[in-house]
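Colleague: Have a look at the structure that comes next, please.
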Amino acid sequence: MTGPDTARRQLLRLIAASPLLAGAGLVGRQAPSPADALDVFDFEALARKVVPVSHFGYLMTGTDDERTLRANREAFGRYQLRVRRLIDVSRVDLTTNILGTSWSSPIVLAPVGSQRAFHADGELGTARAARDHRQLMIYSSVASVAVEQVCEARGEPVWYQLYPTNDWNVGRAVATRAQKAGCPVIVLTVDNTGNNRLTEARAAREDARPCSACHTVQGPRYFTRRPMYSGLDLSAASRLTPHDWTWDYVKRLKDHIGVPLVLKGIVTREDAEKAVEHGADGLIVSNHGGRAEDSGRGAIECVAEVAAAAAGRVPVIVDSGFRRGTDIFKALALGADAVGIGRPYIWGLAAFGAPGVSRVLDVLTRELEMVMRQAGTPRLADIRPAALVDRGQW
């Protein structure tokens, strides 16, 4: 029987030497280019070679026994495609509308913090790729570049993911700054109440570099290294999110910001219903890429019940574990309006900067178009639950 410690050691070996591509693909090639990548896992192998071990551990970690991290990938196997024939798919249209704005595809660049830990361009490189692809980008509160700079690089304001801290005054000030920067949507993360990221901790022990090699701004608190909290009184801020907040917090924040509010981290029908009742304008189904909780439930398995509870009243986005066009298609068939990616575009960023992010988007877009043709669904509106067989119901 495989125990928790064995499972963790196996994952660490996976990070240290990805069996998917070791000795093949782009690894070992002379000066590979983004165009050489055939799928997003090619970028994972390159990122592993160029990113410091502690930073790569931070990116790839789950929490506790990492059941949720694994489930995010394994759960896609629960759903099979019911492909169709002799349907005109000569033109495939991926355009979608989310909260009143049209985007080139349902692929969303999910919020990832500290992107300069993976490439010097950091969030600016991601923003340029999002601009070139007309893609929705969600900026993280714990980014390494200020939101004003990212909006300038993007060419228009990005959505803002908010960690309000346990101090209401800090959260209010950060949300106000995001609005002044033009951010049209605030995304409140509600799933990060505490975790036990052992892979990250073990990877940090393997990195002999002093922290000052990367973290040029030092301070007693985590927030002092984050541009979005600069200049604020952080004396009472000790956590990314409060432990004592309730659904009333959602209404309080909504009343303050005056722009659409999306809740990130909703994974059940009950919470989806409560979110809409309390004024949420959108929902993101997410388990933080397996980093927030060790429920052992894949994000894709949560989509149908959340979408059913939303009942078309608000858009539903899902992230955590998406690596293929087929993954994205399955989420859309289950009721999602869009799909967020995180680690894949960071792999691309780490390997090549903005061109790497662009290539990741190219690859996933091509794969999604391909599966839409296979399924006989030339438009996103054609993708329905009937396109899938749910093996979990057998």
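The values are calculated or read from the model by the stated rules, or taken from the named source; none is laboratory data. Since the structure is predicted, the reported quantities are computational estimates derived from the model, not experimental observations. Cβ atoms come from the backbone with ideal geometry, glycine included; neighbour counts cover every protein chain shown.
Colleague: Suppose the filter is surrounded by fewer than 24 Cβ atoms within 10 Å (Cβ to Cβ), in a helix (DSSP H, G or I), hydrophobic (A, V, I, L, M, F, W, C) and touching a helix residue (DSSP H, G or I) at 6+ places or on another chain (Cβ under 6 Å); does V360 pass it?
Modeller: no
Colleague: Could you list, in sequence order, the residues of the stretch 242-272 that are more than 18 Å from R177 (Cα to Cα) and out of contact with any Leu (no Cβ under 9 Å at 6 or more places or on another chain)?
Modeller: Within the stretch 242-272, P242, H243, D244, W245, T246, W247, D248, K251, V267, T268, R269, E270 meet the criteria.
Colleague: Same structure again: V108 - would you say it is under 28 Å from T241 (Cβ atoms), aliphatic (A, V, I, L, M) and in a loop (DSSP other than H, G, I, E, B)?
Modeller: no
Colleague: For the stretch 95-102, indicate whether the set of residues that are part of a loop (DSSP other than H, G, I, E, B) and either touching a helix residue (DSSP H, G or I) at 6+ places or on another chain (Cβ under 9 Å) or among the basic types (K, R) (or both) is non-empty.
Modeller: yes
Colleague: State the number of residues belonging to the stretch 224-277 that are within 22 Å of the chain's Cα centre (by Cα), more than 19 Å from D191 (Cβ to Cβ) and not in a loop (DSSP other than H, G, I, E, B).
Modeller: Total satisfying the criteria: 4.
Colleague: Right, here's the next one. Does A350 qualify as being at pLDDT 95 or above, of a type in the set (A, V, I, L, M) and surrounded by fewer than 22 Cβ atoms within 10 Å (Cβ to Cβ)?
Modeller: The answer is no for A350.
Colleague: Within the stretch 317-334, is even one residue more than 30 Å from R359 (Cβ to Cβ) and part of a helix (DSSP H, G or I)?
Modeller: For the stretch 317-334, residues more than 30 Å from R359 (Cβ to Cβ) and part of a helix (DSSP H, G or I): absent.
Colleague: Restricting the search to the stretch 279-299, which residues are part of a loop (DSSP other than H, G, I, E, B) and either touching a residue at least 60 places away in the same chain (Cβ under 8 Å) or surrounded by 18 or more Cβ atoms within 10 Å (Cβ to Cβ) (or both)?
Modeller: Selection gives A280, D281, S286, N287, R291, A292, E293, D294, S295, G296, R297, G298.
Colleague: Step by step: first the residues of the stretch 174-203, then only those that are farther than 23 Å from I257 by Cα and surrounded by fewer than 17 Cβ atoms within 10 Å (Cβ to Cβ), then the one that is farthest from the chain's Cα centre (by Cα). Which residue is that?
Modeller: Checked the stretch 174-203; the qualifying residue farthest from the chain's Cα centre (by Cα) is A201.
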